[in-house]
Amino acid sequence: MIGLLFSGFASRSHGQSLGNTGTVEGTVVDPSGAAIPKAAITLHNPLTNYTQSATSDPDGSFRLGNVPPNSYHLSVRAPGFEPFSQDVTVRNSLPLQIKATLAVAGSKESITVEAAGADTLELDPSSHVDTDRTLIEKLPVSDVAGRLSQAITYSTGGVAADANGFFHPLGDHAEAAFLIDGQPISDQQSKVFSTQLPASAIESMEVTTGTPGAEFGDKTSLVAQITTRSGLNAGRAFGSINSQYGSFGTAGGDVGLGFGNARFGNFITVEGLRTGRFLDSPEATPFHDRGNNETIFDRADLQPTAKDIFHLNIFLARNWFQIPNDYDQLAQDQHQRVLTWNLAPGYQRTINAHTLLTVNPYIRKDQLNYYSSRSPFSDTPATQSQSRQLLNWGVRADLTTNTGRHNLKYGIDLKQTRLLENFVFGITDAAFNSPCIDSRGNAIADSALTDLSQCAAAGYDPNTLANPDSVVPFAPGLLPFDLTRGGHLFGFHATGRIDQYAFYIQDEIKLGNLILTPGFRFDEYQGLSSKPGPQPRLGVAYNIKRTGTVLRAAYARTFETPFNENLLLSSQTGTGGLAQNVFGSSSVPIAPGFRNQFNTGLQQAISKWMIFDADYFWKYTHNAYDFSALLNTTITFPIAWHNSKLDGITGRVSTTNLHGFQAYWTFGHTRARYFPPEVGGLVPQGAPLVAGVFRIDHDQAFQSTSVFRYQHKSREWIAFTWRYDSGLVVSGVPDAAYAINGLTPNQQVTIGLACGGVYATLASPITSCSGPVTSKLLTLPQAGQENDDHNPDRVKARHLLDLGIGSDNLLHTEKRQKITASLSITNLANRVAVYNFLSTFSGTHFLQPRTFVARLGLSF
């Protein structure tokens with residue numbers, strides 16, 4: 001909320017910056033070369049609506065810093081002189097030098113120059129989206145501790161929404177890297193893993209979904225380069241105090257303060273929130289779902305000379321929340337705590353007008369504790385607890401130099417990750433892993449039955465794959481940990497270390513309207529396994545100025561690294577998880593893989609009001625990664641498939657600012673095909689996957705987001721979003737037959753299961769059906785019609801509408817102090833839908849029902 005309230009203060013955040021942002025500086029002079037003081041300089045992008053302003057000093061000099069990479073229209077005005085304008089493009093941190101020579105008023109014909117659509121085209125081989133703070137804060141979204149994820153999902157084509165702050169970028173699961181002021185973070189940023197950077201700390205964001213440059217490694221399906229807010233050159237103190245209240249008893253607030261001068265600046269934001277619906281729940285009505293979130297972010301900048309700048313980011317955060325229950329485990333009292341701290345100093349040295357050195361050391365720690373219920377048998381079908389840590393430290397440094405047509409960057413990326421894992425698990429439901437089933441396939445909850453050979457004598461059938469009535473076959477590997485059959489708790493403790501070393505070189509060669517971006521990266525991974533990764537990269541883009549068109553194509557070979565969360569245990573379970581192996585000879589470490597990626601696309605200016613951008617991607621990956629969710633918990637274990645083939649399209653249509661009105665439409669289509677065998681994981685849930693190629697739950701035929709915004713001057717505003725998702729694949733419930741035989745009565749009621757139009761109830765679940773079997777929430781192919789590759793079960797399509805209204809100056813005052821207010825309504829139509837159901841990879845989660853959030857604040 002702070003960013004929305006500070007939208008009028010963009011001009012106060014212009015110091016030289018670390019990260020991917022740049023600096024536009026220069027002098028304002030008259031025709032004789034004399035300095036013009038107090039000239040008004042404005043930098044503006046009509047697509048993102050990003051604006052930064054400055055005033056020239058007595059010597060005519062000016063500086064605009066922390067400028068996101070993009071194309072801009074620079075204008076300079078001074079009394080008694082004709083306006084000056086120039087288009088500039090910021091692509092890196094090297095300062096752009098501008099000499100603005102203003103003609104004396106009346107000495108030449110006055111021409112008004114406006115930025116047209118073609119002026120905002122970017123000559124870049126990689127598809128990306130630029131997002132400003134004003135958009136992020138005005139989006140009517142209300143995901144607790146997950147606004148960063150929602151901002152990415154709602155602004156970027158080809159990104160499928162998932163629960164609890166997850167998203168699927170271009171057919172991958174959470175294969176995203178974040179660069180925050182130059183600090184790389186590739187571990188999971190969902191709120192169940194690690195608290196995200198608060199939206200109030202973000203100045204701008206560039207989200208790359210095209211072929212990554214050589215400077216990017218690890219997780220490259222989506223790269224979000226984030227610039228945080230700075231107080232450098234603010235000139236005075238600025239900030240805000242805000243409070244909010246909404247549905248589910250959600251209450252919270254935030255305080256932000258920035259201040260600084262030409263040499264020192266600081267910006268700090270503190271947020272806190274408590275709610276009755278912290279996670280996306282496994283039932284439409286959330287219960288046992290309370291949680292709270294607290295974050296502190298501080299950025300300090302020191303610029304002792306014009307060539308040197310020191311920087312420090314400090315981030316502290318805590319999430320505490322209950323694990324929401326479903327109707328089959330009402331007695332459960334599991335909860336989780338996540339603590340995150342991050343320390344990231346930095347240094348930047350402008351060696352000369354063509355050379356820039358940037359050094360970003362950092363250290364970060366995520367500590368997660370998952371607590372079981374006090375009584376193990378209050379947890380069903382299993383009890384589990386965990387304590388694990390991820391500790392990362394490293395340094396990223398690069399040297400950028402501009403020579404003639406070449407813009408070269410040389411860099412290193414060195415880091416170490418320390419892993420600590422403690423885990424306890426035990427089965428508490430005798431029917432969960434029973435060796436025997438009845439004639440309808442129902443598991444027999446008799447703890448005396450411990451072996452398949454006992455079934456016939458007891459009048460039952462063996463629960464094996466060979467039995468067509470079997471839904472989930474008996475797993476002998478889990479028997480020692482079945483507490484109902486005299487087993488014991490499974491306990492695991494391990495520590496590990498992963499060392500990664502990378503160096504890269506990339507060039508940007510400008511040949512008129514053509515640009516080439518050759519590059520090379522080399523990674524060395526030394527962890528549970530060791531592997532080198534040479535990675536050539538090449539991109540090309542050409543600007544056809546006559547038609548306002550940019551054509552692009554690119555190729556990258558990337559080095560894919562496994563997820564670090566629970567990597568030690570998952571690497572020891574081998575194929576099939578604990579169900580098949582208890583650290584025997586089939587243990588297989590989850591190793592790094594590689595990917596070949598091709599992209600081609602275009603940007604097209606439509607008159608001066610609109611830009612169309614589309615991209616086609618094709619990715620072939622050896623060792624394709626995902627997570628396996630542990631039953632109904634937030635605990636997940638990394639898994640790897642032999643290979644995957646992903647392809648699809650992404651696109652965006654954006655308007656410029658039309659007298660306060662702006663709109664954009666993003667869209668995407670993704671095919672995500674995965675190929676066995678699979679290694680890793682712990683205990684699969686739902687129906688077992690078949691042995692052949694299948695569509696994973698990242699696969700979605702079509703998704704789109706339409707966003708419409710209007711603001712009257714700098715006061716009242718309204719924002720409306722329309723999100724469409726055609727439905728992710730449901731792996732845990734393949735067809736109608738499994739819905740009848742494999743689901744509990746509560747689960748049948750939850751998905752609205754019906755036989756011939758008669759719905760299941762708790763008293764009368766559907767046990768057989770001769771007519772069509774349907775579901776309110778799932779497409780549910782009929783028995784025999786399901787195909788894991790060409791006709792998998794899916795979540796039903798949904799439309800979500802959100803509305804936000806507010807004012808940045810409620811009392812219409814001319815004072816610096818302004819009262820702000822807003823009201824957001826998400827899921828306006830109160831649509832009942834799920835992200836997924838009994839997913840092997842993510843579990844069951846409902847979308848948030850209609851939610852109201854009211855905010856009131858003071859900005860100064």
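The values are calculated or read from the model by the stated rules, or taken from the named source; none is laboratory data. Note that the structure is a prediction, hence the values are computed from the model and not measured. Cβ sites come from the backbone with ideal geometry, for glycine too, and all protein chains shown count toward neighbours. To get the accessible areas, we keep the full protein, side chains included, count just its heavy atoms, and leave off ligands, DNA and RNA. Shrake-Rupley method; radii C 1.70, N 1.55, O 1.52, S 1.80 Å.
Observations
- Count of residues meeting criterion [of a type in the set (Val, Ile, Thr), under 30 Å from THR767 (Cβ atoms) and open to solvent by 60 Å² or more (accessible area, probe 1.4 Å)] in segment 456-512: 1
- Taking the criterion of being over 30 Å from LEU232 (Cα atoms), crowded, with 17+ Cβ neighbours inside 10 Å and either among the small types (Gly, Ala, Ser) or under 21 Å from the mean Cα position of the chain (by Cα) (or both), the residues of segment 271-293 that qualify are ARG277, PHE278, LEU279, ASP280, SER281, GLY291, ASN292.
- Flag if GLU206 is of a type in the set (D, E, K, R), surrounded by fewer than 24 Cβ atoms within 10 Å (Cβ to Cβ), modelled with pLDDT of 90 or more and under 30 Å from PHE702 (Cβ atoms): yes
- Applying a threshold of 9 Å to beta carbon distances and a minimum spacing of six or more residues, or different chains, the list of pairs starting in segment 685-697 at a residue that is at positive phi and ending at one that is modelled with pLDDT of 70 or more and among the hydrophobic types (A, V, I, L, M, F, W, C) reads GLY686/VAL472; GLY686/VAL730; GLY686/VAL733; GLY686/PHE837; GLY686/LEU838.
Okay, residues lined up against (1) more than 25 Å from ILE185 (Cα to Cα); (2) modelled with pLDDT of 95 or more; (3) surrounded by fewer than 21 Cβ atoms within 10 Å (Cβ to Cβ):
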{"site": "LEU528", "(1), (2), (3)": "no, no, yes"}
{"site": "GLN535", "(1), (2), (3)": "no, yes, no"}
{"site": "THR558", "(1), (2), (3)": "no, yes, no"}
{"site": "GLY576", "(1), (2), (3)": "yes, no, yes"}
{"site": "GLN580", "(1), (2), (3)": "yes, no, yes"}
{"site": "ILE590", "(1), (2), (3)": "no, no, no"}
{"site": "ASN596", "(1), (2), (3)": "no, yes, yes"}
{"site": "ASP613", "(1), (2), (3)": "yes, yes, no"}
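- Against the conditions (1) acidic (Asp, Glu); (2) more than 25 Å from the chain's Cα centre (by Cα); (3) closer than 28 Å to GLU716 by Cβ; (4) surrounded by 18 or more Cβ atoms within 10 Å (Cβ to Cβ), ASP802 satisfies every one except (2).
- Checking each residue in segment 629-687 for being more than 19 Å from PRO792 (Cβ to Cβ), of a type in the set (Phe, Trp, Tyr) and open to solvent by 10 Å² or more (accessible area, probe 1.4 Å) picks out PHE661, TYR664, TRP665, PHE667.
- Residues being outside any loop (DSSP other than H, G, I, E, B) and not aromatic (Phe, Trp, Tyr) - total across segment 212-266: 29
- Among the residues of segment 175-192, the one identified as farther than 24 Å from SER230 by Cβ and touching a Phe, Trp or Tyr at 6+ places or on another chain (Cβ under 6 Å) is SER190.
- Scanning segment 693-707 finds no residues that are aromatic (Phe, Trp, Tyr), touching a strand residue (DSSP E or B) at 6+ places or on another chain (Cβ under 7 Å), over 19 Å from ARG831 (Cβ atoms) and at pLDDT 95 or above.
- Considering residues of segment 698-755 that are out of contact with any Phe, Trp or Tyr (no Cβ under 9 Å at 6 or more places or on another chain) and among the hydroxyl-bearing types (Ser, Thr, Tyr) only, the residue farthest from GLY157 (Cα to Cα): TYR738
- Among the residues making up segment 598-611, those that are assigned to a strand (DSSP E or B) and surrounded by fewer than 22 Cβ atoms within 10 Å (Cβ to Cβ) are PHE598, THR600, LEU602, GLN604, ALA605, ILE606, MET610.
- Residues of segment 625-646 that are in a strand (DSSP E or B) and touching a residue at least 60 places away in the same chain (Cβ under 8 Å): TYR625, ASP626, PHE627, SER628, ALA629, THR636, PHE637, PRO638, ILE639, ALA640, SER644, LEU646.
- Here ILE819 clears all of (1) part of a strand (DSSP E or B); (2) out of contact with any Ser or Thr (no Cβ under 7 Å at 6 or more places or on another chain); (3) buried (at least 18 other Cβ atoms within 10 Å of the Cβ) except the condition numbered (3).
- Candidates in segment 409-431 are the residues that are within 30 Å of THR484 (Cβ to Cβ) and aliphatic (A, V, I, L, M); of these, the one that is most open to solvent (accessible area, probe 1.4 Å) is VAL424.
- If the condition is being within 30 Å of ILE136 (Cα to Cα) and hydrophobic (A, V, I, L, M, F, W, C), then segment 720-755 contributes PHE720, TRP722, LEU728, VAL729.
- Scope segment 718-749; condition of a type in the set (Phe, Trp, Tyr) and over 30 Å from LEU823 (Cα atoms); matching residues: TYR738
- Cβ separations smaller than 6 Å between residues 6+ apart or across chains give the following pairs from segment 257-278 residues that are under 19 Å from GLN244 (Cβ atoms) to residues that are hydroxyl-bearing (Ser, Thr, Tyr) and in a strand (DSSP E or B): GLU271/THR295; THR275/THR250.
- Residues in segment 294-312 that are crowded, with 21+ Cβ neighbours inside 10 Å and either more than 23 Å from VAL144 (Cβ to Cβ) or modelled with pLDDT under 95 (or both): 5 in all.
- Where a residue in segment 78-101 is assigned to a strand (DSSP E or B) and its partner, wherever it lies, is open to solvent by 20 Å² or more (accessible area, probe 1.4 Å) and among the aromatic types (Phe, Trp, Tyr), with Cβ under 6 Å and at least six apart: ALA100/PHE84
For (1) surrounded by fewer than 18 Cβ atoms within 10 Å (Cβ to Cβ); (2) touching a Gly at 6+ places or on another chain (Cβ under 9 Å); (3) closer than 30 Å to SER824 by Cα; (4) at pLDDT 85 or above, each residue gets a yes or a no:
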{"position": "THR55", "(1), (2), (3), (4)": "yes, no, no, yes"}
{"position": "TYR72", "(1), (2), (3), (4)": "no, no, no, yes"}
{"position": "ARG77", "(1), (2), (3), (4)": "yes, no, no, yes"}
{"position": "GLY106", "(1), (2), (3), (4)": "yes, no, no, no"}
{"position": "THR120", "(1), (2), (3), (4)": "no, no, no, no"}
{"position": "VAL129", "(1), (2), (3), (4)": "no, yes, yes, yes"}
{"position": "THR156", "(1), (2), (3), (4)": "no, yes, yes, yes"}
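- Residue under evaluation SER32, criteria (1) assigned to a loop (DSSP other than H, G, I, E, B); (2) of a type in the set (Ser, Thr, Tyr); (3) under 28 Å from TYR710 (Cα atoms), criterion not met: (3)
- The lone exception for ASN827 - which of (1) open to solvent by 70 Å² or more (accessible area, probe 1.4 Å); (2) farther than 26 Å from VAL471 by Cβ it fails: (1)
- Segment 127-172: number of residues that are aromatic (Phe, Trp, Tyr) and either more than 9 Å from the chain's Cα centre (by Cα) or assigned to a loop (DSSP other than H, G, I, E, B) (or both): 2
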